[in-house]
Amino acid sequence: MRTAVATQGKARWRAMALLALVLCACSTADAPRTPSALRLGMDLWAGYFPAVIAERDGLMAAEGVDLEVVPTRDTNGLIAEFAAGHYDLIAVSLGDAITLSKSRPDVVVLLVADESAGGDQLLRAPAAGADATAVPRFGTNLGGFGELFIRAWLEREGIAPGDVVWANVDASDVPAALAEGRIDFGHTWQPYAGEATAAGATPVFSSADTPGLILDVVLATRAGLERDPEAFRGFVRAWFAAERRWRADPAAGNAVAAAALGLDPATVSLDGVKLYSLEDNRHAMAGGADSPLASLIERYSAFFVERGSLSTPPNPTTMLEPALLPEAAPAP
């Protein structure tokens with residue numbers, strides 16, 4: 001008799017245990033996923049604003065990503081902080097990504113944000129040329145893509161790079177440097193280029209004259225991707241959903257970005273910026289080592305090695321991460 005009771009007790013226990021497992025599984029499936037926190041640092045450049053729109057419009061949250069966007073006016077500081085691990089992602093130019101590989105060899109291009117198609121400008125100071133005997137002074141973020149951009153203008157004008165004075169000036173400081181006469185020419189981008197022209201500077205060259213030269217990218221690290229791949233997949237999906245939403249309604253996207261960043265709505269637009277779609281990204285990364293993006297990485301790398309700011313060029317194949325691009329364009 002005791003044996004029969006024990007058997008019944010065991011059967012009842014197993015049934016209760018199975019019910020508990022079923023209830024637990026249902027509870028886990030129904031429970032909202034804990035958001036993955038990511039921190040993005042970026043320059044004030046419209047090509048990066050899909051991240052702002054995605055965060056503000058709830059597209060990141062819908063992908064389970066709790067995104068903190070940190071805008072900055074200090075590109076060098078942004079890059080240094082990313083290298084030190086203070087950001088999960090940063091949005092910078094491809095040229096900056098190449099030089100960053102020196103301190104972070106595991107840097108990865110998550111996606112191409114845009115191509116600068118007029119948004120980057122070389123501007124002449126109001127008083128430039130007043131002294132015909134003076135050697136012209138050019139200001140840009142030395143060792144970055146701005147130097148290559150200015151050299152393209154010098155080549156067009158038949159001026160040797162060694163015949164000018166180079167000054168290290170951050171993009172946000174170029175308007176003041178031009179107005180104060182610290183430099184004769186300066187490279188910057190919108191919205192700073194607009195500030196410079198409002199103060200009397202004159203545009204003489206833009207990225208519309210250098211098609212395909214200046215691409216802007218979102219970077220992560222290999223270590224970050226391995227730690228939480230789904231968070232980065234969610235970020236990419238939300239980014240492209242926001243990119244499509246902004247294309248469909250530019251005025252609404254401008255207003256969202258301006259409000260989120262505390263900018264004058266009149267200074268936010270896609271003028272001079274060609275946003276890269278999911279299809280553009282697939283094309284740019286298709287072919288691995290033979291892809292258009294890999295070729296541009298090699299071009300930048302050769303320039304930086306030549307000028308001595310980079311000793312070992314990065315491997316374009318390992319620097320690109322097309323596997324995180326979604327199969328289909330997300331709904332905006």
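The values are calculated or read from the model by the stated rules, or taken from the named source; none is laboratory data. All of these numbers come straight from a predicted model, not from anything done at the bench. Here Cβ is always computed from backbone atoms with ideal geometry, including for glycine, and neighbour counts include all displayed protein chains.
Would you mind stating whether residue 248 is within 20 Å of residue 44 (Cβ to Cβ) and either among the hydrophobic types (A, V, I, L, M, F, W, C) or at pLDDT below 90 (or both)? Judged against the criteria, residue 248 is not a match. In the stretch 307-322, the residues that are in the same structural domain as residue 222 (by TED's automatic domain parsing) and under 16 Å from residue 223 (Cα atoms) never reach a residue that is of a type in the set (Asp, Glu) and surrounded by fewer than 17 Cβ atoms within 10 Å (Cβ to Cβ) with C-beta atoms less than 6 angstrom apart, at least six apart or across chains. Residue count for the stretch 246-278 satisfying the condition of being of a type in the set (D, E, K, R) and either part of a strand (DSSP E or B) or within 22 Å of residue 208 (Cα to Cα) (or both): 3.
Summed over the stretch 222-249, residues that are out of contact with any helix residue (DSSP H, G or I) (no Cβ under 6 Å at 6 or more places or on another chain) and either free of Cβ contacts under 8 Å to residues at least 60 places away in the same chain or not hydrophobic (A, V, I, L, M, F, W, C) (or both) total 13.
Within the stretch 71-96, the set of residues being crowded, with 23+ Cβ neighbours inside 10 Å, of a type in the set (Asp, Glu) and in a helix (DSSP H, G or I) comprises just one member, 96. The residues on offer are 275, 270, 293, and the sole one that is modelled with pLDDT of 90 or more, touching an Asp or Glu at 6+ places or on another chain (Cβ under 7 Å) and of a type outside the set (S, T, N, Q) is 275. Assigned by TED's automatic domain parsing to the domain that holds residue 221, at pLDDT 95 or above and surrounded by 15 or more Cβ atoms within 10 Å (Cβ to Cβ), is that true of residue 280? Spelling it out, residue 280 is indeed assigned by TED's automatic domain parsing to the domain that holds residue 221, at pLDDT 95 or above and surrounded by 15 or more Cβ atoms within 10 Å (Cβ to Cβ). Taking the stretch 289-324 as the range and being crowded, with 17+ Cβ neighbours inside 10 Å, of a type in the set (Ser, Thr, Tyr) and part of a helix (DSSP H, G or I) as the test, the residues that pass are 300, 301.
Scanning the stretch 97-123 for residues that are part of a strand (DSSP E or B) and either out of contact with any Gly (no Cβ under 9 Å at 6 or more places or on another chain) or under 30 Å from residue 222 (Cα atoms) (or both) gives 107, 108, 109, 110, 111, 112, 113, 114, 115, 116, 120. Looking only at the stretch 108-165, residues that are outside the structural domain of residue 94 (by TED's automatic domain parsing), touching a Ser or Thr at 6+ places or on another chain (Cβ under 9 Å) and among the β-branched types (Val, Ile, Thr) come to 2 in all.
Any chance the stretch 57-70 includes a residue that's modelled with pLDDT under 95 and part of a loop (DSSP other than H, G, I, E, B)? Checking the stretch 57-70: not a single residue is modelled with pLDDT under 95 and part of a loop (DSSP other than H, G, I, E, B).
Contact map, the stretch 161-173: residues that are surrounded by fewer than 16 Cβ atoms within 10 Å (Cβ to Cβ) paired with residues that are outside any helix (DSSP H, G or I) and polar (S, T, N, Q), Cβ distance under 8 Å, separation 6+ or inter-chain. Pairs shown: 166/140; 168/140; 168/141. Within the stretch 70-84, the set of residues being out of contact with any Leu (no Cβ under 6 Å at 6 or more places or on another chain) and without any contact (Cβ under 8 Å) to a residue 40 or more places away in the chain comprises 70, 77, 78, 80, 83, 84.
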